[in-house]
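Worksheet for the structure shown next.
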Amino acid sequence: MVYGMIVGLWLGYLALTANLEVSNLILGLLIATGLTLLLRPPRRAFEWRRLPAALLALGRYLFVVAYDVVKSGLVTARLVLDPDLPVKPGIIAIPSGCDSELATALSAHAISLAPGELVVEIDDDGVMYTHALDASRPTEYVAEAQGLRRKLLRKIFP
């Protein structure tokens, strides 16, 4: 598994740099190896029977994130272009509800992708403190923003 992570990171680095000179190949390999040793990925048994459900959940998750980004962009544009500027900013605590740190990080990333929202801190319990342009209804916002994402991330990362 460690070698697979090194090769994956190395290929990702090479794809991003688009430079196949020997010095860049060596540098990419050193960076990939260093990151792998630094991160020390946990050993987990791969369950092939979970793969179809996880891939379906991943596809739905990507669709939900894209929909949220477009919807938030339209809402933010409406708020900014309104002459009264009906903005009620604030910090909202959103529990991630995920056991995996990677799932919590992906959830925070999805929230931060949406215009007008930014995760400013994640505590040890996985609660994401999020700045929102409209913090007037925090409980509805939490249920709307996190409900489906949490369910899908639990299918992807058990």
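When the helix-only estimate is applied to the chain (DSSP H runs of n ≥ 4, each -39,500 (n - 2.57), divided by the residue count), what is the mean residue ellipticity at 222 nm, nearest 500 deg cm²/dmol? Please report the intermediate quantities before stating the final value.
Details: 5 runs with 97 residues, N = 158.
Using -39500 (n - 2.57) per qualifying helix, the result is -21000 deg cm²/dmol.
Rounded, prolate or oblate: pick one for the stretch 104-158, where a ≥ b ≥ c are the square roots of the eigenvalues of its C-alpha gyration tensor, a/c under 1.5 means rounded, and failing that, prolate if a/b is larger than b/c, else oblate. Write out the running numbers ahead of the final one.
Numbers: a/c = 1.74, a/b = 1.43, b/c = 1.22.
Taking the square roots of the gyration eigenvalues as a ≥ b ≥ c, the stretch 104-158 is prolate.
Write down the percent of antiparallel bridges among all DSSP beta bridges whose residues are both part of the stretch 22-158, to the nearest 5. Walk me through the numbers on the way to the answer.
Working: 11 of 12 bridges.
The antiparallel proportion sits near 90 percent.
Report, in debye and to the nearest 20, how large the dipole of the chain comes out about its Cα centre when Lys and Arg carry +1 and Asp and Glu carry -1 on their Cβ. Mind showing how you got there, number by number?
On the way: 15 positive and 15 negative charges, 157 e Å.
The dipole of the chain has a size of about 760 debye.
Run the numbers for GLU47 and VAL70: contour at 0.36 nm per residue of separation, minus the present Cα-Cα distance, in nm.
Working: separation 23, 0.36 × 23 = 8.28 nm, distance 3.44 nm.
This chain segment gains 4.8 nm when fully extended.
Using a 1.4 angstrom probe on heavy atoms only, work out the carbon and sulfur share of the accessible area of the chain in %.
Working: 7080 of 10550 Å².
On the chain, the fraction of accessible area on carbon and sulfur atoms equals 67 percent.
Between [x] 21, 19, 16; [y] 24, 18, 17; [z] 35, 21, 15, which matches semi-axes √(5λ) of the Cα gyration tensor in Å calculated for the structure shown?
[z]
Take the alpha carbon gyration tensor of the stretch 1-88, find the square roots of its eigenvalues, order them as a ≥ b ≥ c, and report rounded if a/c is under 1.5; if not, report prolate when a/b exceeds b/c, else oblate.
Details: a/c = 3.10, a/b = 1.70, b/c = 1.82.
Note, shape of the stretch 1-88 comes out oblate.
Given a 1.4 angstrom probe, what's the average accessible area per residue across the stretch 41-158, in square angstrom? Provide the component values of the computation, followed by the final result.
Values: 7580 Å² over 118 residues.
Per residue, the stretch 41-158 has 64 Å² of solvent-accessible surface.
Ranked highest first by the average count of other Cβ atoms within 10 Å around their residues, in what order do 77-87, 128-138, 50-60 fall?
The packing order, highest mean first, is 128-138, 50-60, 77-87.
Cross-link partners among aspartates and glutamates for LYS155, C-alpha distance below 12 Å, same-chain residues fewer than 8 apart left out?
ASP99
At most 11 other Cβ atoms within 10 Å plus a DSSP loop assignment makes a site exposed; report the longest stretch of the chain without any exposed GluC sites (Glu not before Pro).
Here the longest run is 48-158.
Where a Cα-Cα gap under 30 Å defines reach, which lysines qualify for LYS88, not counting those fewer than 8 residues away within the same chain?
Those lysines meeting the cut-off are LYS71, LYS151.
Going by amide H atoms built from the backbone, whose H comes under 5 Å of the H on GLY90, apart from near neighbours?
ALA132, ALA135
The values are calculated or read from the model by the stated rules, or taken from the named source; none is laboratory data. Because the structure is predicted, anything quoted here is derived from the model rather than measured. Glycine gets a Cβ as well: all are built from the backbone with ideal geometry, and neighbour counts include every protein chain shown. Accessible surface areas use protein heavy atoms only, side chains included; no ligands, DNA or RNA. Shrake-Rupley method; radii C 1.70, N 1.55, O 1.52, S 1.80 Å.
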